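Structure, as C-alpha cells:
What follows is calculated from the coordinates using simple rules that are stated; it is not laboratory data. From a predicted model like this one, the values you see are computed outputs, not experimental measurements. With ideal geometry, Cβ positions are generated from the backbone for all residues, glycine too; neighbour counts draw on all protein chains shown.
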Amino acid sequence: MAAHLQSAWMIALTAALYLAARHVYLRRPHPLRNIVIWSAAVLIAFLVACDIPYSDYVPAKNIMTAPLGPATVGLAVPLYRYRKLLRSYGAAIIVSVAAGTLLSMILSGLICKYAGLSWDIVVSMTPKGASIPFAVEIARVYDGIPALSAAFVAATGTCMGPLGVVLLTWARISNPVARGLALGTVAHAQGVALSLEENPQQGAMAGLAMILAGIMTAGLAPPVFRLLQNV
C-alpha cells in the first residue's frame, strides 16, 4: 500500500509541475520556455533536494509512460487526414528523413568514438534520433546500454525541439511540411508536440517523420555500426 501511495503522489507531483510549466508557456509562448525542460528540471531538483532516489520514482514513471504505445499509434489519425499531402510529397519525405537519420547516426557515433568512449556507449548514442522504443531495442540487439540509449533519446528531443524551432524560424523556413519533417526527424515526440502547436498539417508531417526515422534507424543500424567499427 505504501508503494502505491508513493507512486500516486509522485504522479500527482509530476502532473502538477507539467501543468504549471504549461500555464507559463501558454501565457507567454517561447521555444525556450519548453514545458518538458522546465517541468523536468524542477522535478529533478525536488527529488535531489529531498534525497529521493530515482529507483523510488521508477514505478510512477512506468505508469505514466505506459500510454506511449497507444499514443504513438494515435499519430495515424493526422496522417490519414493528410494522406493526399503524403502522396504529393512522398519522394521528398523519404529522401529528407533518410538523409537526416543517416547523418545523425554517423555524426553521433563518430563524436563518441573519437572522444574515446567505449563501444557500448557508441552503440547507445548512435540511435538517439529514433524514438525510445526503437532506440532501446537497437541498443539491446547491438550490445549497447538500453537505459542510457533512452536517456540520450530524451535529452535529444528535449534540447533539439526548442532549438529546432528557433533555427527554422531564424532561417525563415515557414513551410509546414518542411518544418514538420525537420522537427520530427531530429526531435521525435518533442518535435511532434511542438509541430502540433504550430499547425495540424505540420504535426502530421512531424509524426510521419518520427515513425520513418525510427524504421530507418533500425534498418541503417547494421551498416552504420560496421562503418563505425572500421574507421
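Taking a ≥ b ≥ c as the square roots of the eigenvalues of the alpha-carbon gyration tensor, segment 90-152 is classed oblate because a/c is 1.5 or more while a/b is no larger than b/c. In the calculated pair-distance distribution of segment 1-66, the portion above 15 angstrom amounts to 55 percent of the Cα-Cα pairs. Long hydrophobic helices in the chain, taken as whole DSSP H segments with a C-alpha length of 20 Å or more on their own axis and mean Kyte-Doolittle hydropathy at least 1.0: 35-49, 90-114, 146-170.
Net charge within 13 Å of L13 by Cβ-Cβ distance, Lys/Arg positive one each and Asp/Glu negative one each, not counting L13 itself? Result for the local shell: 0. Overall, the chain carries a charge dipole of about 780 debye about its Cα centre when +1 sits on the Cβ of Lys and Arg and -1 on the Cβ of Asp and Glu, all other atoms neutral.
Placing pseudo-labels 7 Å out from each Cα toward the beta carbon at F46 and A155 gives an inter-label distance of 2.4 nm. Answer rounded, prolate or oblate for segment 89-197, using the Cα gyration tensor with square roots of eigenvalues a ≥ b ≥ c: rounded when a/c is under 1.5, else prolate when a/b is larger than b/c, else oblate. Cα axes put segment 89-197 in the prolate bin. Adding -39500 (n - 2.57) for every DSSP H run of four residues or longer, then dividing by how many residues the chain holds, sets the calculated 222 nm ellipticity at -27500 deg cm²/dmol. Once Cα Rg over 2.2 N^0.38 Å is calculated for the structure shown, the corresponding label among (1) 0.93; (2) 1.06; (3) 1.28 turns out to be (2).
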